Every structure is written in C-alpha cells, then in structure tokens.
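One structure is given below, encoded as structure tokens.
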Amino acid sequence: MPPSAPDSSRSSSQTSTKPEVPTTLDGTLWKLTVEPIGGGKSYTDRIRFEERHAGSEVQQSRGFASASYSSEMRNGVLTFEVKLPHPEGDSFTISGQANADILWGTMVWRRADWTLKTYRFRSSQQK
C-alpha cells in the first residue's frame with residue numbers, strides 16, 4: 001500500500017509558527033545600526049533592557065546614565081521610550097517599537113544649548 005499523500009488542505013500559514021510579539025523588553029540586549037538623519041556616518045550601538053531600565057553602550061561612554069523606560073502594547077506592537085540623562089544637562093531620548101525579533105525607532109540627542117541631533121535605528125536581538 002503506498003504512503004498517503006500529504007494533506008494539501010492546510011495552508012502553510014496554518015502550520016508555520018509566527019514569532020510572538022514581546023510583552024516586555026526586560027532581559028533583552030539589542031544590537032542597533034544607527035543612522036544620523038540628514039547625513040553622517042552610521043554606527044553600531046547596543047541597548048540593554050533590565051529591571052525596567054534601559055541604557056545605550058555608546059551613550060554611556062559619552063556620560064549618559066541608564067534610566068527607567070516606559071512601554072505599552074499598541075495595535076499588536078510593543079512601543080517604548082527612555083530618556084537618558086547627562087550631568088551637563090543633555091538628554092538622549094530613544095523611542096521605538098518591537099515586533100517579534102526586530103527593534104526600530106528614533107533617537108534624539110538634545111544638548112543643553114537646545115541643539116538637536118536626530119537618528120533612526122533598526123536592530124536584531126542578541127541573546
């Protein structure tokens with residue numbers, strides 16, 4: 001007796017597993033590709049989320065401290081924002097979204113003299 005044919009009535013979307021959207025960022029580390037908006041050289045950064053705090057390796061080397069972040073689910077996407085303080089009055093705000101294993105968004109560096117530098121980023125999660 002020949003083997004039975006595969007059940008073609010099931011679509012591949014029914015059998016594949018869709019990655020889940022995270023409900024928290026705590027305990028994650030992300031490698032970012034950061035691009036200045038309006039020109040300039042791209043760079044790599046890492047952002048870590050731990051115990052409701054987030055910090056950037058590059059910005060930490062510039063004197064910015066980690067800070068608590070806020071997050072919420074919006075239309076099936078986890079959104080977040082963190083404002084990193086600097087002792088000289090600068091702030092560095094990172095805001096974005098997480099969907100399965102990708103993090104993307106914008107960064108704004110506001111200097112004490114109110115000049116701004118704006119960036120966009122995209123990443124992959126590191127475990």
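Quick notes on this one:
- The numbered conditions (1) touching a Pro at 6+ places or on another chain (Cβ under 8 Å); (2) modelled with pLDDT of 95 or more are all true for Asp101 except (2).
- Every condition in (1) touching a residue at least 12 places away in the same chain (Cβ under 8 Å); (2) more than 22 Å from Asp26 (Cβ to Cβ) is met by Gly40 except one, and the failing one is (1).
- Just one of the listed residues (Tyr43, Tyr69) is among the aromatic types (Phe, Trp, Tyr), surrounded by 19 or more Cβ atoms within 10 Å (Cβ to Cβ) and modelled with pLDDT of 95 or more, and it is Tyr69.
- Filter result (assigned to a strand (DSSP E or B) and either surrounded by 14 or more Cβ atoms within 10 Å (Cβ to Cβ) or modelled with pLDDT under 90 (or both)) within the range 107-117: Met107, Val108, Trp109, Arg110, Lys117
- Enumeration of residues in the range 84-97 that are over 17 Å from Ser68 (Cα atoms) and in contact with a Gly (Cβ under 9 Å, 6 or more places away or on another chain): Glu88
- Sole exception among (1) within 12 Å of the chain's Cα centre (by Cα); (2) surrounded by fewer than 18 Cβ atoms within 10 Å (Cβ to Cβ); (3) free of Cβ contacts under 8 Å to residues at least 40 places away in the same chain for Ala100, by number: (3)
The values are calculated or read from the model by the stated rules, or taken from the named source; none is laboratory data. From a predicted model like this one, the values you see are computed outputs, not experimental measurements. For neighbour counting, all protein chains shown are included, and Cβ atoms are generated from backbone atoms with ideal geometry for every residue, glycine included.
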